[in-house]
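What follows draws every value from the coordinates through simple rules; no lab data is involved. Since this is a predicted model, take the numbers as computed values, not measurements. Positions of Cβ are backbone-derived with ideal geometry, glycine not excepted, and every protein chain shown enters the neighbour counts.
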Amino acid sequence: MKYHISNIIIFIHMQVTNVRIGSDAREVKRRKDEVSAREKRRKRLEDQANESAEKFSEVNSRWKFILESNDPLDLYHDIEEQRGKSGSLLCSLLRLLVYGLLHLCLMQHYLTEYST
């Protein structure tokens, strides 16, 4: 009888160990996936920030030429062109902000869920 109980205890201990190993493996995979996702989000934010900076430089550099123009029709067309580029820049910045807020929300969720 004692031999049978010790076998059961060993079997239960092995099962608990297997569950712990499986749980640890899932946690390691989840953390690796989180790091990978965070790196992708960071890269995307950097790319969008660089794109927005380029658009801003393009829009800003054009104003010097517009202000030097004396022809009202040229001024009108140039200003309309600038308005379109500025709108594109604002949309790009808005996307960047929304993506950044999403990233912050995900990080807050991660911290509150896994900090305890």
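Please enumerate, by chain and number, the lysines with C-alpha under 26 Å from the C-alpha of LYS32, excluding those fewer than 8 residues away in the same chain.
In chain and number order, the partners are LYS40, LYS43.
With a Cα-only, solvent-free Debye model of the stretch 35-114, what are the log10 I(q)/I(0) values at q = 0.13, 0.15, 0.21, 0.23 Å⁻¹?
Evaluating at q = 0.13, 0.15, 0.21, 0.23 Å⁻¹ gives log10 I(q)/I(0) of -0.55, -0.64, -0.92, -1.01.
Quick check: the angle from helix 2-68's long axis to the longest principal axis of the chain, C-alpha only, nearest 10 degrees?
The helix 2-68 is inclined about 0 degrees to the chain.
So how far apart, in nm, are the two label points at SER36 and LEU101 if each is 7 Å from Cα heading toward Cβ?
It is 2.9 nm.
If you line up the long axis of helix 72-114 against the longest principal axis of the chain, both from Cα atoms, how many degrees apart are they, to the nearest 10?
For 72-114 against the chain, the angle is about 10 degrees.
At a Cα cut-off below 23 Å, give the lysines reachable from LYS85, other chains included and same-chain residues fewer than 8 away excluded.
List returned: LYS55, LYS64.
Using label points projected 7 Å from each Cα along Cα→Cβ, tell me how many nm separate ILE12 and ILE66, to one decimal.
7.8
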